[in-house]
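Read the structure below first, then the notes.
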């Protein structure tokens, strides 16, 4: 509770979002690499990747360690995706894809996939958090659990509503620090107890596992015979490929001033994650060593109460609490951005919204989404819905990943291909999962009573990810649309960052910043309306041409208009400013402040 | 696309055409082949290592059950290696991108600006 009050104080000081798109969705792209790296780490360390990873190690021994390693290795994919993501991204997946594709259909598809993924994840997080905190704090049953869920949902909604991406990111940074400290303390206490003798620790874990369970220090627990083995391989590969493309992670590649900073911020996240995961493995082993784990509860809090009694467990509980708030906030903002820009603006309103209106809609969307998800979580809180987490990583790996890769790398890709790979990949993973043992036919499944499990594995990624690519290929082949120019724009932008959205200088709110912008516009003089990326299929032309100064003062215009402001940096700019731009590489906003 | 036609008609330098020109240029071709080669190699190496480790764990568990020192098994060492792998990859990536890719990117971006000036 105190933690969350501190967070709110800090968020209100550091992160009041202004009502511009750039600030609300991406904090004006002003975060530095270490800050953004910490935020990435804080976003990633949600239920699955922290608590569930430790549980896996505690319960499944060595095979759980492999799960943890899979999560760590997924950061290599994140590293490789970060730069093209930063270079071609604006606020949402739909923005990136509409550089090459027809806007409306791809935006709708992108919104569908993003919302599906974000809503599933949020609900599972909230349910898990409710259960965990109720146990830890000894709250009374159902009412207590519902209260915890509602509190988290409400706090996350408030963070995003007032703070936008800036507030969310700061919450995640604080969360990263707390989480790392908590793990450091726990692992430290554990290792001191064992006098840093890892071998003895492993030995205790091995003896605690009953006879007949096999050797927990060697593979075996999740690698059964036959299909079971392939199922585990599928699970691991899906997590390696899926986590990197999660929409609420890649929105963090957009909060930095340049691709080089995006690269370095992933590196920072990795510097944090490597020691963190080594410690998580130690914690998992430790939980097993100190008297086994109750399978109905999470391993880390049990370990905490064994090591330090109730105070330590309560401390861990509050860290978990802030973690869930930070992650839920991150999910809420990417869901809201996607809903507003890709869903509402293009589908319901059939045209871009003006900036103030868009932010209002986004804020309302956040409230509505958080309320809905809280209600969902309360309704589902006694169901075992853990499989939804593996579902959304699978969906991401078989929709967003193929679509992005193909649209960056393949000349022949087009709108139909993108639609096929997104809808097809999602349908394939959902359908396969529906007929898998995760849903029916085995004691651990969602509907244990019936059996329509025709697909042998609970993890379907090994089939659905290639299917996502195949659908993309087929769809593109069946449509005659060619996007050569769009491909050129996409490819050049992805690799060089030309025309990428720049950081908005910190001074932009002040008179000085806007004066600069106005001057820059005036310097162009010609009032021509450049339209460099294929983004707008005509949005730009809806605005009155020529009145550029007004446009700039009103901030970014919707849809295609966004690009306009950014393109103004590339096309004819007087040499004086050209020089400023040179030095801009990593430094971002300061350039303009000097001006 | 109506928009593009209109823009092209009024602009001396159509930005989209500029992108096409850059895409066909020698510097960009070099950047592309270099970056694709690098990304492919990196992906293949990391995924290969990971898949290899998983296959060994799944189909030859005996190898990984061997004790290396005390209760530390070969498998534990391997898994720790996998967890450290992204950090190594990052170090390599920062170095390669900084030295081999960024200079080319700079040159192309300067060219793109220069061409429009």
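Here are A:236, A:190: which of them is facing chain B (nearest Cβ under 10 Å) and modelled with pLDDT of 75 or more?
Among A:236, A:190, only A:236 is facing chain B (nearest Cβ under 10 Å) and modelled with pLDDT of 75 or more.
Based on what the data block shows, is residue B:85 surrounded by fewer than 17 Cβ atoms within 10 Å (Cβ to Cβ), under 19 Å from residue A:73 (Cα atoms) and at the interface with chain A (Cβ under 7 Å from one of its Cβ atoms)?
No; evaluated as a whole, the condition is false for this residue.
Evaluate the following for residue B:101: is it facing chain A (nearest Cβ under 7 Å) and touching a residue at least 40 places away in the same chain (Cβ under 8 Å)?
Against the criterion (facing chain A (nearest Cβ under 7 Å) and touching a residue at least 40 places away in the same chain (Cβ under 8 Å)), residue B:101 does not qualify.
Specify which of the listed residues (A:367, A:361) is at pLDDT 85 or above, assigned to a helix (DSSP H, G or I) and under 20 Å from the mean Cα position of the chain (by Cα).
A:367
Considering each of A:337, A:313 in turn, give the residue that is modelled with pLDDT under 85 and either outside any helix (DSSP H, G or I) or at negative phi (or both).
Criteria check complete, one pass: A:313.
Just give me the residues in segment A:268-304 being crowded, with 17+ Cβ neighbours inside 10 Å and more than 14 Å from chain B (Cβ to nearest Cβ), in sequence order.
Across segment A:268-304, the qualifying residues are A:287, A:290, A:293, A:298, A:299, A:300, A:301, A:302, A:303, A:304.
Read through the list (1) within 29 Å of residue A:198 (Cβ to Cβ); (2) more than 8 Å from every other protein chain (Cβ to nearest Cβ); (3) buried (at least 16 other Cβ atoms within 10 Å of the Cβ), then give the number of the only condition that residue B:64 fails.
With respect to (1) within 29 Å of residue A:198 (Cβ to Cβ); (2) more than 8 Å from every other protein chain (Cβ to nearest Cβ); (3) buried (at least 16 other Cβ atoms within 10 Å of the Cβ), residue B:64 is out only on (2).
Looking at the structure I just gave you, is residue A:228 part of a helix (DSSP H, G or I) and within 14 Å of another protein chain (Cβ to nearest Cβ)?
Against the criterion (part of a helix (DSSP H, G or I) and within 14 Å of another protein chain (Cβ to nearest Cβ)), residue A:228 qualifies.
Going by what's in this entry, would residue A:111 be described as buried (at least 23 other Cβ atoms within 10 Å of the Cβ) and assigned to a helix (DSSP H, G or I)?
Yes.
Filter segment A:121-157 down to the residues that are assigned to a loop (DSSP other than H, G, I, E, B) and touching a residue at least 24 places away in the same chain (Cβ under 8 Å) and list them by number.
Passing the criteria: only A:137.
Can you name the number of the only condition in (1) away from chain B (no Cβ under 14 Å); (2) over 17 Å from the mean Cα position of the chain (by Cα) that residue A:90 fails?
(2)
Out of the residues in segment B:67-79 that are in contact with a helix residue (DSSP H, G or I) (Cβ under 7 Å, 6 or more places away or on another chain) and more than 7 Å from every other protein chain (Cβ to nearest Cβ), state the one that is surrounded by the fewest Cβ atoms within 10 Å (Cβ to Cβ).
B:68
Is segment B:5-19 home to any residue that is at the interface with another protein chain (Cβ under 7 Å from one of its Cβ atoms), at pLDDT 80 or above and either over 32 Å from the mean Cα position of the chain (by Cα) or crowded, with 17+ Cβ neighbours inside 10 Å (or both)?
Among the residues of segment B:5-19, at least one is at the interface with another protein chain (Cβ under 7 Å from one of its Cβ atoms), at pLDDT 80 or above and either over 32 Å from the mean Cα position of the chain (by Cα) or crowded, with 17+ Cβ neighbours inside 10 Å (or both), which makes the answer yes.
The values are calculated or read from the model by the stated rules, or taken from the named source; none is laboratory data. Note that this is a predicted model, so its numbers are computed, not measured. Here Cβ is always computed from backbone atoms with ideal geometry, including for glycine, and neighbour counts include all displayed protein chains.
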